[in-house]
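Notes for the one structure printed next.
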Amino acid sequence: MEKIQMVDLKGQYQRIKTEIDQAIQQVIDQAAFINGAAVQEFNTALSSYHQGAYVQSCGNGTDALQIALMALDLEPGSEIITPAFTYFATVEVVLLLGLKPVFVDVDPHTFNLDPALIEAAITPKTKAIVPVHLFGQCADMEPILAIAKKYDLKVIEDNAQSIGGSITYTDGSTQQAGLMGDISCLSFFPSKNLGCYGDGGAVVIKDEALYKRIKAIANHGQFQKYRHEMTGINSRLDTIQAAILSVKLQHLPQYNQARQAVAKAYDDGFKQNPNIHTPFKAPGTVHVYHQYTLTLAGHIDRDQLKTALADKGIPSMVYYPIPCHQQKALTSKHPQQQSFPVAEQLSRTVLSLPIHTEMQAGQIAYIVEQVNQLTQ
Ligand SMILES: *Cc1c(COP(=O)(O)O)cnc(C)c1O
């Protein structure tokens, strides 16, 4: 059995080496390293993937979130609702722009923003909600969008982890991750479901005027060259990364299917184990398993389990060990933080197992066996 890894980017590359090498070589041959043809080609392909929505690619997923928030042109101190349990980048950009993150607790099963708790967090200063589609599963967007409509709030989807996921609304319609809110943000960090070989990100926008604004913000606030109409930033998708992403986007459906097959094998393998809860899949959702995250029963010592697994050659990760509201970046300035019991509980009990496109049946069986043995 090959060494087990959290992700196997090398193995994935080997299978598409010819296509990737050709794409990279072409960029080098053309020597159009900044905004080369491959960038526009990828934007177009990503737009098609999003039913023709506008796409502005950029330097990384954090920039995508920052650009999206900047486009809303909010007064300093405006309040942005975010989940208490997410990767900190979602919150960091809010702070960076002089806005105020207002946390809402998450659902203990889906790990996503709990719509039932949002209204209580809304004040006259609230301007936007940033739901995160965590670990590959869409947030419960239908009630979130209804609340946004009622209070006239913008919705920015943090879709860094769930490209290819979807959810079903009560009218039976299937809704694609990234196309439900006003703006959505993607990260192409190498380990993401669609990852490049460095940094990359994109903003997906349905409204044309908003798209034009976003395009200008990502390009020093210019609508036209050397006319800076507002303060923007410099955030570009590298041409080589764009060429790589165009190749990989074609494989994304298979990649997501491969992840789903691993998740299914884990689900089956852990079914009889009362001490671990496998990821809950909300009815009608297509989960793309960016992570396969267990929640451990209270009596299981997570650190001990993690070490024992490592001793057996099985890596595991804690996403995320500290909820956002308890991060020093916030508590050092505002020590009095509200408590978010579900986020706090999850940060103590979650454990993510290896899941990627190259996992072998033998590796999965071995992990299932070891996890079951160590959690008896
Ligand atoms: C990865 C990630 C980001 C940031 O993306 P980068 O490309 O690393 O800047 C933001 N939000 C979430 C939920 C993420 O997983």
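The values are calculated or read from the model by the stated rules, or taken from the named source; none is laboratory data. Here the structure is a predicted model, which means the values were calculated and not measured. Glycine also receives a Cβ, built like all others from the backbone with ideal geometry; neighbour counts cover every protein chain displayed. Ligands, DNA and RNA are excluded from the accessible area calculation, which covers all protein heavy atoms including side chains. Shrake-Rupley method; radii C 1.70, N 1.55, O 1.52, S 1.80 Å.
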Would you confirm whether or not region 56-70 contains a residue that is open to solvent by 20 Å² or more (accessible area, probe 1.4 Å), more than 16 Å from the ligand (Cβ to nearest atom) and modelled with pLDDT of 95 or more?
no
Are any residues in region 71-102 away from the ligand (no atom under 15 Å from the Cβ) and among the charged types (D, E, K, R), and if so, which ones?
Asp73, Glu75, Glu79, Lys100
Yes or no: Ile122 over 22 Å from Gln327 (Cβ atoms), among the β-branched types (Val, Ile, Thr) and either within 11 Å of the ligand (Cβ to nearest atom) or touching a helix residue (DSSP H, G or I) at 6+ places or on another chain (Cβ under 6 Å) (or both)?
yes
Ile364 fails exactly one of the following numbered conditions: (1) in a helix (DSSP H, G or I); (2) over 11 Å from Val262 (Cα atoms). What is the number of that condition?
(2)
Find all pairs meeting these conditions: Cβ atoms under 6 angstrom apart; at least six residues apart or on different chains; first residue within region 198-220 and closer than 20 Å to Gln161 by Cα; second residue of a type in the set (Ser, Thr, Tyr) and in a strand (DSSP E or B).
Gly201/Ser187; Ala202/Ser57; Val204/Ser184; Ile205/Tyr54
Please count how many residues of region 132-178 are open to solvent by less than 30 Å² (accessible area, probe 1.4 Å), under 24 Å from Glu75 (Cα atoms) and part of a loop (DSSP other than H, G, I, E, B).
1
Which of the numbered conditions does Met6 fail, given that it passes all the others? Conditions: (1) within 24 Å of Val318 (Cα to Cα); (2) within 16 Å of the ligand (Cβ to nearest atom); (3) of a type outside the set (Ser, Thr, Tyr); (4) open to solvent by less than 30 Å² (accessible area, probe 1.4 Å).
(4)
Counted residues in region 315-341 being part of a loop (DSSP other than H, G, I, E, B) and either polar (S, T, N, Q) or farther than 30 Å from Met359 by Cβ (or both) come to 11
Looking at region 178-196, which of its residues are without any contact (Cβ under 8 Å) to a residue 60 or more places away in the chain and farther than 16 Å from Asn60 by Cβ?
Met180, Gly181, Asp182
Test for Cys185: is it open to solvent by less than 10 Å² (accessible area, probe 1.4 Å) and within 12 Å of the ligand (Cβ to nearest atom)
yes
With the structure loaded, tell me whether Leu305 is modelled with pLDDT under 95 and either among the hydrophobic types (A, V, I, L, M, F, W, C) or in a helix (DSSP H, G or I) (or both) or whether it fails that test.
no
Among the residues of region 208-224, is there at least one that is closer than 17 Å to Glu41 by Cα and either within 16 Å of the ligand (Cβ to nearest atom) or touching a helix residue (DSSP H, G or I) at 6+ places or on another chain (Cβ under 6 Å) (or both)?
no
Name the strands (runs of 3 or more DSSP E) wholly inside region 189-300 in which the number of residues that are in the same structural domain as Asn159 (by TED's automatic domain parsing) and open to solvent by 10 Å² or more (accessible area, probe 1.4 Å) is 3 or more.
222-224
